[in-house]
1. Given the whole protein assembly as supplied and a 1.4 Å probe, what does the accessible area of His57 come to in Å², nearest 10?
2. Can you pull the percent of Cα pairs in the chain with separation above 25 Å?
3. Per the Debye formula with a single identical scatterer at each Cα and no solvent contribution, what log10 I(q)/I(0) holds for segment 1-90 at q = 0.15, 0.16, 0.21 Å⁻¹?
4. Using DSSP to define loop residues, name the chymotrypsin sites (Phe, Trp or Tyr not before Pro) in segment 28-130 whose beta-carbon has at most 13 other beta-carbon atoms within 10 Å.
5. Through the Karplus equation 6.51 cos²θ - 1.76 cosθ + 1.60, θ set to phi - 60°, convert the phi angles of segment 19-30 into ³J(HN,Hα) values in whole Hz; use x for Gly and Pro.
6. In segment 108-158, which trypsin sites (Lys or Arg not before Pro) are in a loop and have at most 16 other Cβ atoms within 10 Å, using DSSP for the loop call?
7. Points 7 angstrom from Cα along the Cβ direction at Asp24 and Glu169: gap in nanometres?
8. Mind putting a number on the dipole of segment 18-162 about its Cα centre? Charges go on the C-beta only, +1 for Lys and Arg and -1 for Asp and Glu, and I need it in Debye to the nearest 20.
Amino acid sequence: PGGPMGLLFLGTGNGVLVQDCFFDGVSATTQGEFGVTFAQCEFKNAVVSLSVDQGGHCLVRDCRIFDCSSAGLWVDGYSTVCEVEDSEISGAASAIYVRQYAQLVANQSILTGGWRCVVEFADSEESQISDCHLVLGASPAIRSFRLPEHGEVFHDLRNNYWGTEDADEIRALILDGTDDPDNASTVLFEPFAGGPVATQETTLDGLKAMYR
C-alpha cells in the first residue's frame, strides 16, 4: 500500500539492520523477513512509509515517520509482528494501521493521528501500546474491530497519555466492542499516564512545550 518502492525485503532471512537512512517519497517493505531492524531512520512523503507483512517481524527503533498521505506504518498478515520503540509516527489518515491477524507492540513513542484515528486494529491479534503519547487528530483516537467468529481479543493500551486525565473522555476516544455487540475486540486503557511520556531523544519538558 506504500506507493513507490524504495526498499523491499522478501523471503525468510533474518538479522538485517537498516540504520541512519532517509526515505523521501518512497516506502520500505518487509515481507516474510524475520529480524529486520530500522534504527535512526527518517521516512516522509509517501502513501505508507513502512509496511510489514506476510509474517515478517520488524523492529522500528528511534525513527521518525511523517507526512504520509495514508498511514505512517502498516502491519498486515498472519504472524506478522512489528515492535516500535522511541519513535515518532504520524499519517494523514492514521499513525499505524494493523490488520488481518498481525500484532503491534509499541512503547515510549509519540503517535499522532489523522482524519481517521491514531491507531486502527482491523481484525488483528492482541497488541500492546504502553508509555506512549497518543496525539489526537480526529475522534476516535483508537478504532478496533474483530469479527466474533475469529475470537475475542483484548488490546492492552494501558499506561499511555491521551491528552487528558479524564477517564470518561478517554473512553469516548475509543471505538471497540463496548460500542458494538458484533465487535469482539476490547481496548484496555486504565490505568493511564497523567502527562506526556518522553522518548530517549526527547525530554519531558520538551514534550510538554510541544503540546501546550
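The values are calculated or read from the model by the stated rules, or taken from the named source; none is laboratory data. In this text the structure is predicted, and so the values were computed from the model without any measurement. Counting neighbours? That spans all protein chains shown, and the Cβs are built from the backbone with ideal geometry, glycine included. SASA here: full protein model, heavy atoms, side chains in, ligands and nucleic acids out. Shrake-Rupley method; radii C 1.70, N 1.55, O 1.52, S 1.80 Å.
1. For His57, solvent-accessible area is about 50 Å².
2. Numbers: 7133 of 22366 pairs.
In whole percent, the share of Cα-Cα pairs in the chain beyond 25 Å is 32.
3. -0.45, -0.51, -0.92
4. Tyr78, Trp115
5. Result, ordered by residue: 10, 6, 10, 10, 10, 10, x, 10, 10, 10, 9, 10 Hz.
6. Values: sites: Arg116, Arg143, Arg146, Arg158; in loops: Arg116, Arg146, Arg158.
Here the trypsin sites (Lys or Arg not before Pro) that fit, given the DSSP loop and packing criteria, are Arg158.
7. Modelled inter-label distance: 3.9 nm.
8. In debye, rounded to 20, segment 18-162 gives about 360.
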